[in-house]
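Take a look at the structure below.
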Amino acid sequence: MSPLLIFIGAYLAGSLPFGLFVARAVKGIDIREHGSRNIGATNVTRVVGLKWGAVCFLLDVLKGGGPVWLLPKLLLEADDPMRAHWQVAAGLMAIIGHMFPVWLGFKGGKGVATALGVTAMLAPQSTAITFCVFVVLFAIARIVSLGSIVCAITFAVLQMIQLRPQPFGSETWSLVAFSLAVPVLIIVRHRANIGRLLRGEEHRFEFKKRIPPPENKPDGDQASQSD
């Protein structure tokens, strides 16, 4: 039963829609009706404000890293030979939970902040380098989606380098599979952003508070928003 509980617990933790909770608590709005209509921290920042976007980001990071750290510790023996693999499984399910939450009809966010929390627990060195790459790209371009896509690829490449020459060994195969699969998932979730990037239409992030549009009027910026 322990592996099943890890799968279910991690998925349910990841599926908690903190962006929805924060926007509703602070502004009394449904974040899915404003901005890009995404529940992620970037849209919360644009619609509700930088401070609350940061809160949402931190909560999304924690709901990724928390299950990786806590569930195997609670449900498995310390000397379980599969412990590392179940940590990876917990991380994957938390990300899937954020992307496809059961509470929201399986329509969730893009998984970047939650993936950051997971990878910080599973591969801290690659995560630190990847995060630095994101900071540099964001400082230059101020496009969140571009930084997210590039960093997904960067993380996968770094993991392949770090785990060579036998990445698919008995102790590391699950981490390698995760390091390849999750970046692909993140890129797929950004496919609309990729189209806008290619057309030069992607929104550049601005550090100012956005006022939600009236609910009876369409949001004119909707088409240009990213996560």
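The table below lists the values:
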quantity	calculated
Selected residue (criterion: nearest to the chain's Cα centre (by Cα)) from residues of the range 44-78 that are under 23 Å from Ile6 (Cβ atoms) and outside any helix (DSSP H, G or I)	Leu76
Tally, over the range 88-116, of residues that are closer than 17 Å to Val144 by Cβ and part of a helix (DSSP H, G or I)	7
Subset of the range 1-31 [of a type in the set (D, E, K, R) and out of contact with any Lys or Arg (no Cβ under 8 Å at 6 or more places or on another chain)]	Arg24, Lys27
Condition broken by Ile6, with the remaining ones in (1) closer than 19 Å to Ser174 by Cβ; (2) surrounded by 21 or more Cβ atoms within 10 Å (Cβ to Cβ); (3) under 18 Å from the mean Cα position of the chain (by Cα) satisfied	(3)
Pairs where the first residue, in the range 125-144, is closer than 17 Å to Val61 by Cβ and touching a residue at least 24 places away in the same chain (Cβ under 8 Å) and the second is in a helix (DSSP H, G or I) and among the β-branched types (Val, Ile, Thr), C-beta under 6 Å, 6+ apart	Thr127/Thr119; Thr130/Thr154; Val144/Thr42
Condition broken by Ile39, with the remaining ones in (1) buried (at least 20 other Cβ atoms within 10 Å of the Cβ); (2) at pLDDT below 95; (3) not in a helix (DSSP H, G or I); (4) not aromatic (Phe, Trp, Tyr) satisfied	(2)
Residue match in the range 58-81 (condition: within 25 Å of Phe131 (Cα to Cα) and touching an Asp or Glu at 6+ places or on another chain (Cβ under 6 Å))	no
Residue check for Gln162: out of contact with any His (no Cβ under 6 Å at 6 or more places or on another chain) and at pLDDT 95 or above	no
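The values are calculated or read from the model by the stated rules, or taken from the named source; none is laboratory data. Everything quoted here is computed from the prediction, not taken from an experiment. Heads up, the Cβs are rebuilt from the backbone with ideal geometry, glycines too, and the neighbour counts pull from every protein chain shown.
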